[in-house]
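Comments concern the structure below.
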Amino acid sequence: MMHARAAGAPILCVVGARPNFMKVAPLIRAMKDVSRPMPFRLVHTGQHYDQQMNSQYFRSLGIPEPDVNLEVGSATHAVQTAEIMRRFEPVLDSERPAAVLVVGDVNSTLACALVAAKKNVAVIHVEAGLRSFDRTMPEEVNRVLTDQLSDLLFTTEKSARENLLREGVSGSNIHFVGNVMIDTLRYSLEQAVPAERTLSLRGATAKLAQVGYAVLTLHRPSNVDVPGTLRLLLNAVVEISRRIPVIFPIHPRTRSRIEEAGLGSMLETASLITLPPLDYLEMLGLMRTAKFVLTDSGGLQEETTALGVPCVTLRDNTERPITVEEGTNSLAGQDHSRILALVDDILRTGGKAGRIPDLWDGRASQRIVAVLHEWLAGTANRRVA
Ligand code: UD1
């Protein structure tokens with residue numbers, strides 16, 4: 001559809017929000033490979049900007065300072081998406097990249113893909129084809145539209161190819177390469193901060209790490225934006241904390257929703273330990289030795305599968321079915337008794353053991369960059385012809 005520009009033009013990599021950072025980090029490392037470097041530039045939209053959600057991650061993941069920061073910040077979906085587009089367009093004009101590379105499914109992903117497609121710049125989507133089939137999820141809308149705009153689509157699991165083919169994407173543009181998020185996990189595992197250290201640094205008792213604990217994360221609008229649902233979920237969590245201590249690093253969005261709904265007192269339970277958002281290496285260390293993870297995050301469903309730690313997902317669906325079919329993940333939705341039954345089963349039996357899905361071997365980024373080299377050579381040849 002679209003073509004690379006001048007030979008030697010860079011790949012313009014886009015990040016915006018926390019889950020993008022661990023996906024771009026290994027791609028940049030692979031692009032910097034001295035034996036075959038690939039020119040790139042990094043644009044940060046500024047969708048996430050807090051130190052805890054942003055710069056801390058850059059440091060831990062070894063991501064270079066962005067060449068450009070659009071500093072959009074928080075807003076409604078329409079305003080945030082529009083503002084990213086407005087600020088990204090002149091960057092695209094001045095950078096004249098060979099292609100724009102976007103990852104995942106956040107607003108920054110779609111906004112930059114749309115600007116590029118409208119300017120006839122090729123779009124590369126890493127983590128394409130995942131579908132929850134739930135269009136009330138903002139990320140699902142971002143996923144479907146980004147994939148429609150993409151020229152090259154890299155997938156993490158088999159279901160993604162079927163989804164893309166069903167939506168009319170040409171099979172020759174789809175490449176099953178594995179999971180860049182797991183590249184980062186494997187690369188970082190040795191540097192993961194032991195749970196004892198994270199807990200004592202934050203004033204929680206390090207003894208928890210010895211007696212055993214669960215980790216909770218919660219931030220999806222469908223779980224935290226409706227006070228009734230939030231209350232039900234927190235009730236279940238309080239109940240779980242009577243069986244096993246629960247460590248809960250709280251996303252800023254969730255913290256404000258809990259306060260707005262007047263539910264703050266529910267967190268004042270001795271064995272529910274609340275923390276600010278954690279650094280990637282702290283979170284990794286905490287998950288690695290957890291008895292189980294309770295979450296509504298997409299990334300954590302994959303990371304727990306890679307770590308072999310049982311995961312109870314507080315959603316009715318997942319766009320990452322392989323984590324249920326082959327991994328350690330179980331879907332509990334928002335149903336109190338189902339959540340408790342799954343937790344009790346894990347505490348009794350240890351939970352699902354799972355296996356590592358195909359190509360989640362830490363080398364997805366190298367495969368992607370190898371395809372990119374070929375693709376760039378191919379588009380350059382077509383241009384000459
Ligand atoms: C975004 C992504 C979601 C991803 C999540 C990870 C979209 C549609 N959603 O959701 O897919 O799982 O990031 O965190 O792109 N805030 C801060 N500091 C920050 C960033 C946000 O306080 O650095 C607060 C603001 O009150 C903001 C709210 O969090 O309004 C929501 O931020 P936003 O980026 O809109 O969405 P997330 O819920 O973080």
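The values are calculated or read from the model by the stated rules, or taken from the named source; none is laboratory data. Because the structure is predicted, anything quoted here is derived from the model rather than measured. Methodologically, a virtual Cβ is constructed for each residue, glycine included, from the backbone with ideal geometry; neighbour enumeration extends over all protein chains shown. Keep in mind that these areas ignore ligands, DNA and RNA; they rest on the heavy atoms of the full protein, side chains included. Shrake-Rupley method; radii C 1.70, N 1.55, O 1.52, S 1.80 Å.
For region 290-385, the helices (runs of 4 or more DSSP H) that sit wholly inside it and include 1 or more residues that are touching a strand residue (DSSP E or B) at 6+ places or on another chain (Cβ under 8 Å) and under 28 Å from Thr254 (Cα atoms) are 298-307, 322-325, 336-349.
So for region 349-364 (the condition being open to solvent by less than 40 Å² (accessible area, probe 1.4 Å), under 30 Å from Gly8 (Cα atoms) and not aliphatic (A, V, I, L, M)), does at least one residue qualify? Even if it seems obvious, please write down each step before you answer.
Residues of region 349-364 open to solvent by less than 40 Å² (accessible area, probe 1.4 Å): 351, 357, 360, 362, 364.
In the following step, the residues that additionally are under 30 Å from Gly8 (Cα atoms) were identified as 362, 364.
Still in the list and also not aliphatic (A, V, I, L, M): 362.
Yes, the conditions are met somewhere in region 349-364.
Please state which of the following conditions Lys32 fails to meet, knowing it meets all the rest: (1) away from the ligand (no atom under 16 Å from the Cβ); (2) modelled with pLDDT under 95. Of (1) away from the ligand (no atom under 16 Å from the Cβ); (2) modelled with pLDDT under 95, only one is false for Lys32: (2).
Please enumerate the residues belonging to region 55-69 that are more than 16 Å from the ligand (Cβ to nearest atom), open to solvent by less than 80 Å² (accessible area, probe 1.4 Å) and under 10 Å from Val43 (Cα atoms). Residues satisfying the conditions are Asp67, Val68. Within region 35-54, the set of residues being more than 12 Å from the ligand (Cβ to nearest atom) and in contact with a Phe, Trp or Tyr (Cβ under 9 Å, 6 or more places away or on another chain) comprises Val43 only. Filtering region 241-263 to residues that are in a helix (DSSP H, G or I) and either touching a residue at least 40 places away in the same chain (Cβ under 8 Å) or open to solvent by less than 30 Å² (accessible area, probe 1.4 Å) (or both) leaves Ser241, Pro252, Thr254, Ile258.
Quick one: is Leu92 away from the ligand (no atom under 15 Å from the Cβ), surrounded by 15 or more Cβ atoms within 10 Å (Cβ to Cβ) and under 20 Å from Ile182 (Cα atoms)? When the stated conditions are applied, Leu92 does not pass them.
Any residue at all in region 70-85 that's away from the ligand (no atom under 16 Å from the Cβ) and not hydroxyl-bearing (Ser, Thr, Tyr)? No.
Yes/no per residue for (1) outside any loop (DSSP other than H, G, I, E, B); (2) away from the ligand (no atom under 16 Å from the Cβ); (3) open to solvent by 30 Å² or more (accessible area, probe 1.4 Å):
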residue: Leu165; (1), (2), (3): yes, yes, yes
residue: Ile182; (1), (2), (3): yes, yes, no
residue: Leu185; (1), (2), (3): yes, yes, no
residue: Leu189; (1), (2), (3): yes, yes, yes
residue: Thr205; (1), (2), (3): no, yes, yes
residue: Ala209; (1), (2), (3): yes, yes, no
residue: Ser222; (1), (2), (3): yes, no, yes
residue: Leu232; (1), (2), (3): yes, yes, yes
residue: Asn235; (1), (2), (3): yes, yes, yes
